[in-house]
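The values are calculated or read from the model by the stated rules, or taken from the named source; none is laboratory data. Predicted, not measured: the structure shown is a model, and the values here were computed from it. We place every Cβ from the backbone using ideal geometry, glycine too, and count neighbours over all the protein chains shown. Calculation scope for accessible area: heavy atoms of the full protein, side chains included, ligands and nucleic acids excluded. Shrake-Rupley method; radii C 1.70, N 1.55, O 1.52, S 1.80 Å.
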Amino acid sequence: MSETASFLEPTAFLDSDHEDVRAFTAATVGDATTDREKATRLFAAVRDRVWYDPYTVSEDPAHYRASHVLGAGRAYCVPKAVLLTAVCRAAGIPARLGFADVRNHLQTETLRARMGGTDLFVYHGYSAILINGRWLKATPAFNSELCARFSVPPVEFDGEHHALMHAFTANGTQHMEYVQDRGVFDDLPLAAILDELRVTYGPMIVASADVADDAFTTRSGVPPELG
């Protein structure tokens with residue numbers, strides 16, 4: 001077995017062999033022939049076709065399977081990274097999951113309250129994708145429409161450079177600060193992630209039915225006022 005073979009295998013969460021995941025991958029890749037071209041198309045599709053919603057944090061392992069994320073159409077950064085990693089594997093591109101703690105200087109007041117007043121996001125998820133012998137980091141978290149609301153350019157992945165969150169917005173306001181890298185994994189370390197979420201934010205971080213509309217949850221029309 002080659003060194004990268006395990007990074008192509010389906011897992012409990014990275015169910016790259018699921019028929020829906022494979023169909024999404026094939027339709028998105030289309031006529032692309034190189035890993036670079038395939039990965040850039042897959043990145044853009046996951047970024048924009050799954051809405052970023054930080055209120056969807058769940059303790060249910062089923063909600064973190066790539067096939068579920070694809071069907072749900074909205075998720076926070078960890079499940080979106082799971083989906084991107086899975087579709088890369090389905091396309092024959094070695095991929096792993098990576099995590100980092102980040103400080104997001106743009107938040108709504110509703111989200112800040114849910115997080116106990118902090119702007120530190122622990123276990124922010126990204127994908128590590130092997131292209132032309134190099135492991136590249138790519139985060140598909142914020143969809144383009146949401147980025148426009150916060151005046152942040154969407155993260156673009158060209159298959160040659162890392163694609164991480166922008167440090168500043170278009171007008172120079174500080175946006176995202178990477179604080180600590182937690183490494184890369186062959187599969188989702190869900191238990192460790194949920195433990196850290198509970199320690200950092202308390203039980204309120206888990207999804208509930210009473211989430212108020214804000215810029216993260218409203219998909220069309222005039223967005224609510226940002227905090």
Any hit, region 2-16, residues being farther than 15 Å from Ala128 by Cβ, without any contact (Cβ under 8 Å) to a residue 24 or more places away in the chain and not in a helix (DSSP H, G or I):
yes
In this structure, does Leu194 turn out to be open to solvent by less than 30 Å² (accessible area, probe 1.4 Å), in a helix (DSSP H, G or I) and modelled with pLDDT of 90 or more?
yes
Only one of Ala72, Ala81 is under 21 Å from Cys147 (Cβ atoms), open to solvent by 10 Å² or more (accessible area, probe 1.4 Å), of a type outside the set (Lys, Arg) and under 17 Å from the mean Cα position of the chain (by Cα); which?
Ala72
Restricting attention to region 84-125, and to residues there that are among the charged types (D, E, K, R) and farther than 21 Å from Asp181 by Cβ, which single residue is surrounded by the most Cβ atoms within 10 Å (Cβ to Cβ)?
Arg89
When His63 is evaluated against the numbered criteria (1) closer than 23 Å to Ala163 by Cα; (2) open to solvent by 10 Å² or more (accessible area, probe 1.4 Å); (3) part of a helix (DSSP H, G or I); (4) in contact with a strand residue (DSSP E or B) (Cβ under 9 Å, 6 or more places away or on another chain), which criterion, by number, is the only one it fails?
(1)
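Which residues, counting only those in region 22-36, are farther than 20 Å from Tyr126 by Cβ and assigned to a helix (DSSP H, G or I)?
Arg22, Ala23, Ala26, Ala27, Val29
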Can you pull out the residues in region 156-167 that are surrounded by 14 or more Cβ atoms within 10 Å (Cβ to Cβ) and at pLDDT below 90?
Leu164, Met165, His166
So which of Arg74, Arg89, Arg112, Arg47 ends up being under 24 Å from Thr200 (Cβ atoms), basic (Lys, Arg) and touching a helix residue (DSSP H, G or I) at 6+ places or on another chain (Cβ under 9 Å)?
Arg74
Mind counting the residues in region 3-33 that are exposed (fewer than 12 other Cβ atoms within 10 Å of the Cβ) and closer than 14 Å to Ile93 by Cβ?
2
